[in-house]
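The values are calculated or read from the model by the stated rules, or taken from the named source; none is laboratory data. Values in this document were obtained by computation on a predicted structure and should not be read as measured data. We place every Cβ from the backbone using ideal geometry, glycine too, and count neighbours over all the protein chains shown.
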Amino acid sequence: MQILILFLAVLTGGNVEQDSSQETRNVDYPAIPEKVTSFGAAVIDGQLYIYGGHTGRAHAYDKHAQANTLRRLNLQKPKAWESLAQGPGLQGLALVACGGKLYRVGGFTAKNEAGDDQDLWSQAGVACYDPGTSQWTDLSPLPEPRSSFDAAALDQKIYAIGGWKLAGNEEETWHKTACVLDLSANTPQWQEIPEPPFQRRALAVAAYDGKIYVIGGMQQEGGPTKRVDIFDPKSGEWSQGPSLHGEQMDGFGPSAFATGGSLYVSTYSGLLQRLAKDGQSWERVTELDRARFFHRMLPLSDTRLITVGGASMESGKFDEVDVIDVSR
């Protein structure tokens, strides 16, 4: 499979056949308004939403280098990005779609000015955005501030796993806990799930086949890892899955999502991988045109994915939205 140019016609919703031998950049979706990493993104009803993230130089964090606007792109009629409701400046957060609404979870805020000593604080705030009203509504906060984590929705529940707590000059605290928010409850409250057998951040979390997959990440000790852990909500048990292909850095800042009955992950080196049907190994699908980390990969259809934002060590941040065809 290769990233293809898809010459999308507005009236056809993008379903235009192209020469499968052509490998090039996608030119149909407009670039995101600002190059960004460590942001949240989700798709609802053919609309791509992004929120927050880091817009400054690598490792230079300040209050002016954190995005705070919810933006939307119509994936069927991709004319231009819309700027919607604003909120706090955040990065290292999660944005999850569930039941036709968006849920913004955690992240960290930089309180310092540009050039000053960094003053970074993880947040516990959680908010819901209703596209019907264009309003944010605050929900029950996380049990403890959390950033550099990821989250996924399964069966009307949001699972937040991994990450750490930053608190200014205090030493960072790597989280040993994970938690779930049951959106079907009369008053949803976060509850802890059984303790994960790991402490990692800069990881990917995805729902697939009734389970929650926790993929890669940075370890408190030992650097990046390609390890995969699986949580079964029915049994409440953790198990270890097959490790990713690639070098150790392929576990750093990945993004994962399931579509068309398969689970995919895109990694630091640009390798797109798919979990085998028996769940015992990962299959190499393709080498992507743009190798990204701290990006987001989301479903466009059962046979197509999109990647947005992120960066590479070689070329810096990206603003392109790429399409990945996994039909072959």
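Selection within segment 11-35: residues that are farther than 16 Å from residue 298 by Cα and either buried (at least 20 other Cβ atoms within 10 Å of the Cβ) or among the acidic types (Asp, Glu) (or both). The member of this set that is modelled with the highest pLDDT is 34. Residues in segment 172-191 that are part of a strand (DSSP E or B) and either of a type outside the set (Asp, Glu) or touching a Ser or Thr at 6+ places or on another chain (Cβ under 6 Å) (or both): 173, 174, 178, 179, 180, 181, 190, 191.
Yes/no matrix, rows are residues, columns are (1) touching a residue at least 40 places away in the same chain (Cβ under 8 Å); (2) among the aliphatic types (A, V, I, L, M); (3) surrounded by fewer than 15 Cβ atoms within 10 Å (Cβ to Cβ):
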| residue | (1), (2), (3) |
| --- | --- |
| 272 | yes, yes, no |
| 283 | no, no, yes |
| 294 | yes, no, no |
| 315 | no, no, yes |
| 323 | yes, yes, no |
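Would segment 73-80 turn up any residue that is surrounded by fewer than 17 Cβ atoms within 10 Å (Cβ to Cβ), of a type in the set (A, V, I, L, M) and either in contact with a helix residue (DSSP H, G or I) (Cβ under 7 Å, 6 or more places away or on another chain) or touching a residue at least 24 places away in the same chain (Cβ under 8 Å) (or both)? Yes, that holds for at least one residue.
Would you confirm, using the coordinates I've provided, whether residue 217 is surrounded by fewer than 18 Cβ atoms within 10 Å (Cβ to Cβ), closer than 16 Å to residue 267 by Cα and in contact (Cβ under 8 Å) with a residue 24 or more places away in the chain? Spelling it out, it is not the case that residue 217 is surrounded by fewer than 18 Cβ atoms within 10 Å (Cβ to Cβ), closer than 16 Å to residue 267 by Cα and in contact (Cβ under 8 Å) with a residue 24 or more places away in the chain. Test residue 250 against the stated conditions and say whether it is crowded, with 24+ Cβ neighbours inside 10 Å and free of Cβ contacts under 8 Å to residues at least 60 places away in the same chain. Taking the combined requirement at face value, the residue satisfies it.
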